[in-house]
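Read-outs throughout are calculated quantities, based only on the coordinates presented, and are distinct from any laboratory measurement. Bear in mind the structure is a predicted one, so any value in this text is a computation, not a measurement. We place every Cβ from the backbone using ideal geometry, glycine too, and count neighbours over all the protein chains shown.
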Amino acid sequence: MTNSSPNLVLALEAILDASRVFSDPLSCAAYAVDEIIPSAVAKPASAEEAAEIVRFSALEKFALIPCGNRTKLAIGMPPSRYDIALDMTNLNQIAHYDPGDLTLSVDAGTPLAQLNAELFDHKQFLPLVVPWYSRATIGGTIASGLHSPLQQFYGTARDFLIGAEFVTGSGALTKSGGRVVKNVTGYDLHKLLIGSLGTLGVITRLNFRTFPVPIAGSRGFVASFPNAEAALALRRAIAESSLTPLTLDVLSPELAQLFATRTPATPEAAVFAGENRSADQTSLPPVGNWFRPREWQLCAGFAGTPEVLDRYARDLTRLAEQSHATSTAILDDTTRPALWGRLRESLSLLLEVSPATAIFKISVLPSQHTALFANLRQIADRAALSHALVARAGGTIYFALLPSTANNETTAQLARVTTQIFDSIPSAGGNATLLFAPRALKQYVSVWGPPRPDLALMRRLKTAFDPQDIFAPGRFASGIYFQTPFCPEL
Amino acid sequence: MNSGLVQEFEKLLGEASVLHKPEDLLLYEYDGSVEKGRPNLVVFPTATEHVSRIVKLAAKYNAPVVGRGAGTGLSGGALARTGGVMIVFARMNRILEVDAENQRAVVQPGVVNYELTRAAEPYGLYFAPDPSSWKSCTIGGNVAENAGGPHTLAYGVTTNHVTALELVLPDGEIVRVGSKHGEAPGFDLTGLFVGSEGTLALVTEITVKLSRKPEAVKTLLAIFDSVDDTAESVVDITARAITPAACEMLDGWTLRAVEDYIHAGFPMDSAAVLLIEVEGLAEAVAAQADAVTEVCNAHHAREVRVARDDAERELLWKGRKNAFGALGRLAPSNYVLDGVIPRSKLPQTLRRIQQIGAQYGFQIGNIFHAGDGNLHPIVLYDPRNAAQFERAMQASAEIIRYCLEIGGALSGEHGVGMEKSELMPLVFSDADFDLMRRVHDAFNPDSSLNPGKIFPLSKGCGEIRIRPKSPHSASAS
């Protein structure tokens, strides 16, 4: 910590009501990022209060990390400095909602599940069905840049985030975009906030276009295959057909096995487009005997009128047979939640499996998947590490290494394998990051992968937004203010 | 212009790739807007390396640089506001790759939008953004302006379809952002550069997503006797979650002008029509077309016609896409606005536009993307009549003010350029401008690239004006 706590706390209490400033060790420990504990926690009740804290921090050079319900703080590198945790959960209102226009403006600290429950009253929803769904806030979801299985049809947040209000590093409350579905007025600065981990600004409000719930009906489809090639062949056949499924995931046998034997800890809430399942149900039902673990799986979700649902069921089954599926099943409203809840929670489930889970996010063109899958499995097998894989929406791969123990030897092994995986990504059109990694591993590798050619441009942007480098210093993007030397000899 | 500079450029690119005589430059002082700005020099690079060297050479002579595609823009984005060197990308017009399996294409900035769709057609693919000028506008220009079009209602605007860019920065550095896949670690630089109107960097290569052609398409023409009923139908289509691929509105006054010229089959005596397209699986399209028809009938549509074949469908779209050209027959010049409003407020906005027109003595036509609330009110005027032109600009500013008052936006797809820059303070605060300026300066510190765009020239926010310096006749595409 760079500054003495008592002064910091007094100063924060002069800005906020003392009941919303915490400095006791227990409270601060709850906001640790990679085991680094802040000196104080501040819970602003308005955007203006948040801006005032930032202005104070800029003046005093205090480092600050904004957060919501803290479900994804493990993403990124450890902060090089961390004085104040800025808890945004008191900003939790829907500021504006025009169901007739399908547009929404919502405070950053609003829980996603609560937001979607309110939209559901108007038969609308936001297609961000992300891990830790029942606890995640909308601000944290955008700042962490996690995607949802629904990206297959609805795209990622960059396709439906239409504006934002945020506090810059100099403490100015600023906005970008607007509240209409089409807008080219000024630079699209709000897009930069997606996945920025609080390094560019403190998000106070987000504007979205909302989507109609597919009320006519929805179904799931699952097909099993003896190998990845066959599952990917079906995925390609679907991509080349007229079908436009809402979700499209390919799972490795290892992940399928985890789905069959484990239940994610987060309670069930929405698991599909616009579903509003009760959050008081404590866990997902188990997958049924229609699910064949130990095989590769292709899972597709689709929606529409009864005629459309019939067409999907018919075409998907036929295409699966042509791709030599060993079994297929159509899932209805009672059977589908078990599988789609697990698809949504794949990342949280994988983190629960091992004390030292490392999850790579690999973005590689679909045509390169067959070779890449084989390569990844080979690297992990050679190191005798358990692994699991899901390829989402025809391009984004999550590959998890699941060591059975967490110790120095495991860390060294993970570091070696991480380097091999980063090296194995095709340089043309692909890239990889270590989305989740144990703290110990981050001492030896940059989770952001090899430096990119556009890093210098990112540095310029960071300076434009946060000239004093007070926002989450060190946490983001390969080499942006990240100085720890890489240790390949481990 | 400095003759040394002309010579150096001729040495670099060859004489055939440099224009400097006043009569040659005249063509490049226009775009599709009412603005004007003449470059001192026009150059035609054929490679990224040329662009980099042009930028460096221009810097040596302190000459500003502006990029230009086909010059179809509607906000003065591709005009040399302060003179200097204009880089026209017309000869960087190669489609470098169509990767059908991964649904990507890599193109040079001068490729015409429609040509990419044609190249993708054999694979059952197409490029979704389709501005009305798609048969002449370039993808580089689409990227600079984040262009839209009728079908962006369902498929998103240009930015939703761009995954990577090759850029030349104002200092001549060549850098790539994004990835062919789309996802890339770090900040979304691609998302920032698309729509930055050529004020941050020059785009020299673009990787785009290609979309799969739907198996079924139905085009409906709903004919109404009242503008209010037409607008209410749009509100209801949105509210009932029917998601057409396109939903365009033409009011009676404009469609009569179009019909006289194009004979698209629009009924001459109607108050307004909706041109609605539904796409997707055959089973879904049938249900959607029924739902659209039901809504329109509930709002007293006189008739809802379904185009019988591709020829009829294409004719209807020809009427829509060439409408602005048809209006050129009615008055020497027209001014096209681009405001966006919440779709729930369409009926009241159309009424307000007519009031404003009456107040200023103009017939204001409306032909626009109703489904996403992107208005294109058209004010017809005679540029030789200075007082009338002034009134036209005042009426336009009042319409924009109203759009903003009810929660809308200044520009939906045409860009701010030099045309709307003085209106920007209606939208953004000093703090907003401060950050945008910092971002601008992070890439373009000397404003050597496309100066005088987006940011208002007048420092204070008190006096808002929309008037360009010298009016002239323009035909929008």
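Observations, loosely collected:
- Residues whose placed amide H lies under 5 Å from that of A:SER327, excluding near-sequence neighbours: A:SER224
- Euclidean distance of C-alpha centroids, segment A:326-350 and segment A:390-418, integer Å: 23
- Scaled radius of gyration (Cα, divided by 2.2 N^0.38 Å) that segment B:162-295 gives: 1.50
- Across segment B:316-395, the volume of the C-alpha convex hull divided among the residues equals 88 Å³ per residue.
- Test item: Cα-centred dipole of segment A:300-397, Lys/Arg +1 and Asp/Glu -1 on Cβ, debye: 320
- The equivalent ellipsoid that matches the C-alpha gyration tensor of segment B:128-241 spans semi-axes of 35, 15, 14 angstrom, in descending order.
- Note that segment A:47-107, at 4 °C in a medium of 1.567 mPa s, gets a Stokes-Einstein diffusion coefficient of 94 µm²/s from its Kirkwood radius over C-alpha pairs.
- Alpha carbon centroid spacing (whole Å) that separates segment B:287-324 from segment B:414-456: 40
- Each principal axis of the Cα atoms in segment B:160-220 has its own extent, and those three values, largest first, are 50, 25, 17 angstrom.
- Computed [θ] at 222 nm, helices only, for chain B once each DSSP H run of length n ≥ 4 contributes -39500 (n - 2.57): -10000 deg cm²/dmol
- Ascending count of other beta-carbon atoms within 10 Å, so fewest first, for B:LYS180, B:LYS56, B:LYS21: B:LYS21, B:LYS56, B:LYS180
- Rg over Rh [alpha-carbon atoms, Kirkwood Rh] for chain A: 0.96
- Label zone at B:SER136, where the point sits 7 Å out along the Cα-to-Cβ direction: segment B:67-95 residues whose backbone N lies under 11 Å: B:70-73
- Fewest-first sequence of A:ILE238, A:ILE330, A:ILE94 by Cβ atoms within 10 Å of each Cβ: A:ILE94, A:ILE330, A:ILE238
- Column: log10 I(q)/I(0), Debye, Cα scatterers of the protein assembly as shown, q = 0.08 Å⁻¹: -0.77
- Inter-chain shielding of B:277-289 (mean C-beta neighbours from other protein chains, 10 Å cut-off): 4
- Whichever aspartates and glutamates have a C-alpha closer than 17 Å to that of B:LYS21, once near sequence neighbours (fewer than 8 apart) are set aside: B:GLU8, B:GLU10, B:GLU29
- FRET efficiency, 1/(1 + (r/R0)^6) with R0 25 Å, evaluated for B:ILE406 and B:ARG329 via beta carbons: 0.15
- Panel order for B:THR72, A:THR261, by other beta carbons found within 10 Å of each beta carbon, from fewest to most: A:THR261, B:THR72.
- Remark: segment A:102-107, residue by residue, has Karplus-estimated 3J(HN,Hα) of 6, 10, 8, 10, 9, 5 Hz, where x stands for each Gly or Pro and the curve is 6.51 cos²θ - 1.76 cosθ + 1.60 at θ = phi - 60°.
- Translational diffusion of chain B, µm² s⁻¹ [Kirkwood Rh, Cα pairs; Stokes-Einstein; 10 °C; 1.306 mPa s]: 69
- Enclosed volume per residue, in Å³, of the convex hull spanned by Cα atoms of segment A:207-337: 127
- Positive dipole terminus of chain A, leading residue within A:SER176, A:LEU8, A:LEU86 (C-beta point charges): A:SER176
- From helices alone, chain A scores -9500 deg cm²/dmol at 222 nm; the rule is -39500 (n - 2.57) for each run of n ≥ 4 DSSP H residues, then divide by the residue total.
- The Cα-based radius of gyration of segment B:62-112, divided by its Kirkwood radius, gives an Rg/Rh of 1.13.
- With contacts taken as Cα pairs under 8 Å at a separation of at least 6 residues, chain A carries a relative contact order of 16 percent.
- Positive-end extreme of charge dipole, chain B - chosen from B:VAL157, B:GLY265, B:PHE44 (charges on Cβ): B:PHE44
- Interatomic Cα distance distribution for segment A:21-140, bins of 5 angstrom, percent: 2, 11, 19, 20, 18, 13, 8, 6, 3, 0
- With the highest mean first, a sort of the peptides A:170-177, A:284-291, A:403-410 on other beta-carbon atoms found within 10 angstrom per residue produces A:170-177, A:284-291, A:403-410.
- Relative intensity, log₁₀ I(q)/I(0), of segment A:405-468 from a Debye sum that treats every alpha carbon as a point, q = 0.25, 0.26, 0.29 Å⁻¹: -1.04, -1.07, -1.20
- Rg and Dmax of segment B:1-101, both derived from C-alpha coordinates alone, stand at 14.1, 51 Å.
- Note on segment A:96-163: along the principal axes its Cα atoms extend 28, 24, 21 Å, ordered by decreasing extent.
- Taking the square roots of five times each eigenvalue of the Cα gyration tensor of segment A:179-233, the equivalent ellipsoid has semi-axes of 37, 21, 12 Å, listed largest first.
- Number of Lys-Lys pairs in chain A with C-alpha atoms under 24 Å apart and a separation of 8 or more places or on different chains: 18.
- Computed about its Cα centre, the charge dipole of the protein assembly as shown is approximately 1200 debye, with only Lys, Arg, Asp and Glu carrying charge at their Cβ.
- For A:459-468, mean number of other protein chain Cβ atoms within 10 Å: 4
- Proportion of all alpha-carbon pairs of segment B:102-148 beyond 18 Å (%): 20
- Positive-pole candidate from A:ALA400, A:PRO355, A:LEU376, dipole of segment A:345-419, charges at beta carbon: A:LEU376
- With N the number of residues in segment B:232-343, Rg(Cα) / (2.2 N^0.38 Å) evaluates to 1.12.
- Counts of other chain beta carbons within 10 angstrom of each beta carbon in peptide A:307-313 average 3.
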